[in-house]
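Take a look at the structure below.
Quick note: the coordinates plus some simple rules give every number you see, no bench work behind them. These figures come from a predicted structure and were not determined experimentally. No Cβ is skipped: glycine too gets one built from the backbone with ideal geometry, and neighbour counts run over all protein chains shown.
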Amino acid sequence: MVMGDIATATDLLVIGAGPGGYVAAIRGAQLGLDTTLVEKDAYGGACLNRGCIPSKAFIHGADVAHEAGNAEEMGIHADPAIDMLQMQEWKSDVVDQLTSGVEKLCKANGVSLLEGAAAFEDEHTARIAHGGEGQGMETVEFEHAVIATGSRPIQIPGFDFADDPVLSSSQLLRMESVPDRLVVVGAGYIGMELSTMLTKLGTEVTVVEMLDDVLPAYEADVKRIVRKRAEELGIDFHFGEGATGWEETADGVLVSTETEAGDVSQYEGDAVLVAVGRQPVTDTMELDAIGLEPNDAGFIETDDRARTDVENVFAVGDVAGEPMLAHKASAEGIVAAEVAAGEPAALDQQAIPAAVFTDPEIATVGLTEDDAADAGFDPVVGEMPLRASGRALSMGESDGFVRIVADEASEIVLGGQIVGPNASEIVAEVALAVEMSATLEDVAGTVHTHPTLAEAVMEAAENAQGQAIHTLNR
Ligand code: FAD
């Protein structure tokens, strides 16, 4: 210990206060562990400060403006003006309510909060460097530690986030005015969500993507609907092109791309957003001091109980692997805290939903039909197109479908894919069905409120049974 250090001891030291870390800390304290949570930046992590919440706030704002300005068919004539500074203030207010809520919840549950950057000294000791000059160090001795240090945006060669016109998603979400033109590199979920949002706010968006389609993780008929809608909104896609560099022009930036065959193109914008994925943060806490090494993909490997190769050290959330999603981080955080407290917890990755907040939304959980066949099931599939849903039609948003995949013999629900308005909400019912091994009969026999989008889940289950009323059975 360095002279002047403070030394404390704790049962559970949680490093990082994102949705993985703060949830682990609260559960640890609830289970009677003396718990310390250390955060070097802001409570709530990427999710609350520069990810899920700010992006969804802007997406909602853009939807309100876009819907109001495009509802002539319903007899509404409006031409909304966007005040981005006001929208930023509103978003910051939402973020502040949530981040201060995290801090209060931690304190109310008895979690000790430390502000600073944690690094390991050995398997039972961490050093916390408090921010700011002269703030000093603190040594914490721990029984168990949870690494929840999250992820950061990936930079690509030639595009440095320190350069003004090159933006990461975090920087874009701090914009003070709506750009007139934006080049977006990457058509994954973050690129697609932000491109759609900006297009609705009036930006001319050009997307360049190395692959030949949007959203590589999703099935062709799912992403076709989202891509078609994005094109209708005015997004200009260029597939099969990798961004190679940029140069400043009199009124913005010129981004160069190249195809595999060597064809070069250039696209103009006020700025360029690079959204090509995120990489785990493993370099902030001296993992070698405890003999832990990330795998080739950069993640810390864990088992289904969130344990790393070091017996008393857990890893949760983005740093522990895909899917890099907030709810997966929280679910792992709970498991880590419960295992540290001696409980028999484990995480079943099968029922972790994923959502993309595009227009329309996409949400999936469990197995697709192909996954189910690959896993040795004989899958049966039921579908309800939203053009047959009274609720979807009355919202003016009938593009999309709800699909349910089940095992034919047992009728146990294995997964679902949803494209349509509020897909991110509707998927919760399918996730519950997968989690509890519900059957098609359980879902079809559950009386759903009318008129709702959720009725489409019931109808898809009926369709899989050959008993749908409002659609033709397969
Ligand atoms: P993080 O939230 O990244 O938190 C890690 C924390 O650890 C940070 O606060 C960091 O400061 C701290 N830290 C790092 N090193 C140290 C150290 N040495 N000492 C102390 N503290 C440290 N996910 C969804 O589920 N739904 C969405 O709609 C969604 N939208 C997104 C939109 C965008 C634009 C982005 C960027 C991400 C989005 N995500 C979404 C992903 C989601 O934000 C992450 O999956 C989630 O935040 C991961 O949580 P985590 O706890 O693992 O890490």
Cα-based Rg (one decimal) and Dmax (whole number) for region 8-66, in Å? 15.5, 54
Cβ crowding within 10 Å averaged over residues, with 141-148, 378-385, 123-130, 99-106 ranked highest first: 141-148, 378-385, 123-130, 99-106
Take region 308-423, compute every pairwise Cα distance, and split them into 5 Å bins from 0; I just need the percent in each bin. 2, 11, 15, 15, 15, 14, 12, 8, 4, 2, 1, 0
Length gain on complete extension for the stretch Lys56 to Ala78, per 0.36 nm per residue less the alpha carbon to alpha carbon distance? 5.6 nm
Could you state the principal axis extents of the C-alpha atoms in the chain, from the largest down, to the nearest angstrom? 74, 64, 46
Rounded to whole Å, give me the distance from the Cα center of region 26-63 to that of region 361-375. 29
Subset of Lys91/Lys200; Lys200/Lys228; Lys56/Lys200; Lys56/Lys228 violating a 19 Å alpha-carbon distance limit: Lys56/Lys228
If you place +1 on the Cβ of every Lys and Arg and -1 on the Cβ of every Asp and Glu, how big does the dipole about the Cα centre of region 189-322 come out, in debye to the nearest 20? 640
Based on the alpha-carbon gyration tensor of region 166-276 and its eigenvalue square roots a ≥ b ≥ c, which shape applies: rounded if a/c is under 1.5, prolate if not and a/b is larger than b/c, or oblate? oblate
So what's the net charge close to Asp359: Lys and Arg +1, Asp and Glu -1, counting the other residues with Cβ under 12 Å from its Cβ? -4
With +1 on the Cβ of every Lys and Arg and -1 on the Cβ of every Asp and Glu, the dipole magnitude of region 360-464 about its Cα centre, in debye rounded to the nearest 20, is 420
Net charge (Lys, Arg +1; Asp, Glu -1) of residues whose beta-carbon lies under 14 Å from that of Pro385, Pro385 excluded, is -2
Give the whole-number value, in cubic angstrom per residue, of the convex hull volume spanned by the C-alpha atoms of region 360-464. 77
At the level of C-alpha centres, the distance separating region 257-275 and region 405-428, in angstrom, is 37
Rounded to the nearest 20 debye, dipole of the chain from Cβ charges on Lys, Arg, Asp, Glu: 1120
